[in-house]
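Take a look at the structure set out below.
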Amino acid sequence: MLLSELTTMRVGGPAKSVVTATSRDELTDAALAVWETGDEWLVLGGGSNVIVGDDGFGGTVIRVATKGIERLDGDGVLLRVEAGESWDGLVEYTVGQGWSGIEALSGIPGSVGAAPIQNIGAYGQELSDVLVAVDFLDNISGQQERILAADLGLGYRMSNIKAGRQGVVLAVELRLEESAEGVITYSQLATALGVESAPVADIRAGVLGLRSSKGMVLDPADPDSVSCGSFFTNPIVGENFARSLPPETPQWLVDDTDVKLSAAWLIEKAGITKGFSLPGSRVAISSKHTLAITNRGGGTAEEVGELARYIRAMVLSRFGVSLQPEPVAVGVEL
Ligand SMILES: Cc1cc2nc3c(=O)[nH]c(=O)nc-3n(C[C@H](O)[C@H](O)[C@H](O)COP(=O)(O)OP(=O)(O)OC[C@H]3O[C@@H](n4cnc5c(N)ncnc54)[C@H](O)[C@@H]3O)c2cc1C
């Protein structure tokens, strides 16, 4: 099977083998069986944050398709959700129940099990705000363990799993609030809705509207959504370095010493605008969002890599800032 059929960027050659696990036992058995062989392996949920090279993947792809949402005893609304559930399906369900905590994370593609990998975030909320723990099958011990959120190294688009801890997230535990009113902390969303708190259903609708205007929801009718979402993270740099940038550079203090910059602004000011593509390439910047690289049809992983590397080189030479790709690269240089 081609990885281009399993990933939202629609690039990637064949996998040596693919197993799809629909229950926790199947998922555990599949992972343990591959680990036993010593073969390469790749866990895949919705494929919305992975770019696989054109030569494909010479190991086993383990597709996570496990289902189940369970309410546990505990304060607030404590949920255990199996890894293969759709993230946005979960948000829709919790909003429908009148629970708050993840409504601003509406419309993010992919699976629940992948959500902790880069600590998904958008419109003022992050998974780490509500994550209690994950059930994790550890590659080294072969054992299933419950890891508390505090021990996952969660940060801006980062976890210690993304940084290299090997294993499979089997399920996540979240704590939401039994309240149908949500607080809006993101100014663009507050402006769009004209309020600072609102029913969670309205926040979800507002977020979905904003996201689709930027091509940031998967929509078969929108060529700008054939992507991995934002391709680069917003760089975090030291305050002294930030002072050396042009005074108009947007920046936000993240702590006493570090400053976050806007990757989209840096790319635009480096001369790369919406819709940009390299000559002859079938891969282009989204026509709606400077931060998204899109496959306009028949593009290759190498074309994605070429554009990503070009953007990084332009921003580095103009500002001295090294942009970091957000998606996970497998067999391709980004
Ligand atoms: C249009 C669009 C908009 C997006 N908007 C956002 C956004 O606003 N905010 C945001 O944070 N992200 C966003 N993303 C990125 C992406 O949707 C998220 O990172 C999502 O969590 C990926 O889920 P997935 O199931 O598709 O993961 P995959 O792409 O299948 O996998 C991503 C990584 O996680 C690993 N992985 C997946 N499942 C497991 C598991 N169960 N156990 C262990 N490892 C696992 C994979 O091996 C891989 O390394 C967007 C993507 C698109 C296409």
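Under a plain spin-label model, where a point goes 7 Å from the Cα along Cα-to-Cβ, how far apart in nm are ASP151 and GLU40?
It is 3.1 nm.
Compute the length gained on full extension between LEU253 and SER17: take 0.36 nm times their separation in residues and subtract their Cα-Cα distance, giving the result in nm to one decimal. Can you show the working numbers first?
Values: separation 236, 0.36 × 236 = 84.96 nm, distance 4.59 nm.
Extending this stretch completely gives an extra 80.4 nm.
For ALA33 and ASP219 in one chain, what is 0.36 nm times their gap in residues minus the Cα-Cα distance, to one decimal in nm?
Working: separation 186, 0.36 × 186 = 66.96 nm, distance 3.59 nm.
Length gained between ALA33 and ASP219: 63.4 nm.
Taking a 31 Å limit on the Cα-Cα distance, which of the listed pairs LYS67/LYS288; LYS16/LYS288; LYS67/LYS274; LYS16/LYS214; LYS16/LYS260; LYS214/LYS260 fall beyond it? Could the numbers behind the result be given before it?
Values: LYS67/LYS288 34 Å; LYS16/LYS288 36 Å; LYS67/LYS274 38 Å; LYS16/LYS214 35 Å; LYS16/LYS260 40 Å; LYS214/LYS260 22 Å.
Listed pairs above 31 Å: LYS67/LYS288; LYS16/LYS288; LYS67/LYS274; LYS16/LYS214; LYS16/LYS260.
As a test of the definition: which semi-axes, in Å, follow for the stretch 132-172 when you take the square root of five times each eigenvalue of its alpha carbon gyration tensor? Largest first, please. Please report the intermediate quantities before stating the final value.
Values: eigenvalues 53, 29, 11 Å².
Calculated on Cα positions only, the semi-axes equal 16, 12, 7 Å.
Check each of the GluC sites (Glu not before Pro) in the stretch 163-240 and keep only those in coil by DSSP with at most 13 other C-beta atoms within 10 angstrom; list them in order.
Details: sites: GLU173, GLU177, GLU178, GLU181, GLU196, GLU239; in loops: GLU178, GLU196.
Qualifying residues, ordered by number: GLU178, GLU196.
Give, in nm to one decimal, the length gained when the segment between ARG282 and ALA313 is fully stretched (0.36 nm per residue of separation minus the Cα-Cα distance). Let's see the in-between values first.
Working: separation 31, 0.36 × 31 = 11.16 nm, distance 1.98 nm.
So the chain would gain 9.2 nm between ARG282 and ALA313.
If you average the sequence gap of Cα pairs under 8 Å that are 6 or more apart and divide by the length of the stretch 69-212, what percent do you get for the contact order? Can you show the working numbers first?
Values: 292 pairs, mean separation 42.7, N = 144.
Rounded, it is 30 percent for the stretch 69-212.
Using a simple spin-label model with points 7 Å from Cα along the Cα→Cβ vector, what separation in nm is obtained for ALA201 and ALA329?
4.5
What net charge is computed for the residues neighbouring ARG157, neighbours being all others with C-beta under 13 Å from the C-beta of ARG157, Lys and Arg scored +1, Asp and Glu -1? Mind showing how you got there, number by number?
On the way: positive: LYS162, LYS260; negative: GLU126, GLU326.
Around ARG157, the charge tally is 0.
In percent, how large is the relative contact order of the stretch 223-330, given Cα pairs closer than 8 Å and 6 or more residues apart? The partial results should precede the final answer.
Details: 173 pairs, mean separation 34.5, N = 108.
Relative contact order of the stretch 223-330: 32 percent.
Return the single residue from THR294, THR191, THR60 with maximal mean-square fluctuation; model: Gaussian network over the chain, springs between Cα atoms under 10 Å.
Judging by the Gaussian network model, the answer is THR191.
Which of the peptides 63-76, 155-168 is most tightly packed, and how do the rest follow, judged by the mean count of other Cβ atoms within 10 Å per residue?
Details: 63-76: 14.8, 155-168: 16.6.
For the peptides 63-76, 155-168, the packing ranking is 155-168, 63-76.
I need the calculated FRET efficiency for the pair GLU26 and ASP55, taking r as the beta carbon distance and R₀ as 41 Å, to the nearest 0.05. Display every interim value, and only then the final one.
Numbers: r = 28 Å, r/R0 = 0.69.
It comes to 0.90.
If you take the alpha carbon radius of gyration of the stretch 55-108 and divide it by 2.2 N^0.38 Å, what ratio comes out, to two decimals?
Numbers: Rg = 14.7 Å, N = 54, 2.2 N^0.38 = 10.0 Å.
So the Cα radius of gyration is 1.47 times the expected 2.2 N^0.38 Å.
GNM on the chain, C-alpha springs below 10 Å: top fluctuator among ASP255, ASP219, ASP55?
Result for the chain, Cα springs under 10 Å: ASP255 fluctuates most.
Could you please report the charge total around ILE147, scoring K, R as +1 and D, E as -1 over all other residues with beta-carbon less than 12 angstrom from its beta-carbon? Don't jump to the answer; show the numbers that get you there.
On the way: positive: ARG146, ARG165; negative: ASP135, ASP138, GLU145, ASP151, GLU173.
Neighbourhood net charge equals -3.
Provide, for q = 0.06, 0.09, 0.11, 0.14 Å⁻¹, the log10 of I(q)/I(0) from a solvent-free Debye sum over equal Cα point scatterers in the chain.
For the chain at q = 0.06, 0.09, 0.11, 0.14 Å⁻¹, log10 I(q)/I(0) is -0.21, -0.49, -0.74, -1.22.
For the stretch 48-188, with equal point scatterers placed on the C-alpha atoms only and solvent neglected, what are the log10 I(q)/I(0) values from the Debye formula at q = 0.20 1/Å, to two decimals?
-1.29
Which value, in nm² and rounded to one decimal, describes the direction-averaged projected area of the C-alpha convex hull of the stretch 223-330? Write out the running numbers ahead of the final one.
Values: hull surface 27.9 nm².
So the Cα hull casts an average projection of 7.0 nm².
Viscosity 1.002 mPa s, temperature 20 °C: what is the translational diffusion coefficient of the stretch 3-64 from Stokes-Einstein with a Kirkwood Rh over Cα pairs, rounded to a whole number of µm²/s? Walk me through the intermediate numbers first.
Details: Rh = 11.7 Å.
Rounded to a whole number, D works out at 183 µm²/s.
Decide, for the stretch 194-264, between rounded, prolate and oblate: order the square roots of the alpha carbon gyration tensor eigenvalues as a ≥ b ≥ c, take rounded if a/c falls under 1.5, and otherwise choose prolate if a/b is larger than b/c, else oblate. Don't jump to the answer; show the numbers that get you there.
Values: a/c = 3.20, a/b = 1.65, b/c = 1.94.
Judged from the Cα gyration tensor, the stretch 194-264 comes out oblate (a/c at least 1.5, b/c at or above a/b).
Using a Gaussian network model of the chain whose springs link C-alpha atoms within less than 10 Å, name the residue from GLY194, GLY13, GLY142 with the highest mean-square fluctuation.
Highest fluctuation among the options: GLY194.
Read-outs throughout are calculated quantities, based only on the coordinates presented, and are distinct from any laboratory measurement. Note that this is a predicted model, so its numbers are computed, not measured. No Cβ is skipped: glycine too gets one built from the backbone with ideal geometry, and neighbour counts run over all protein chains shown.
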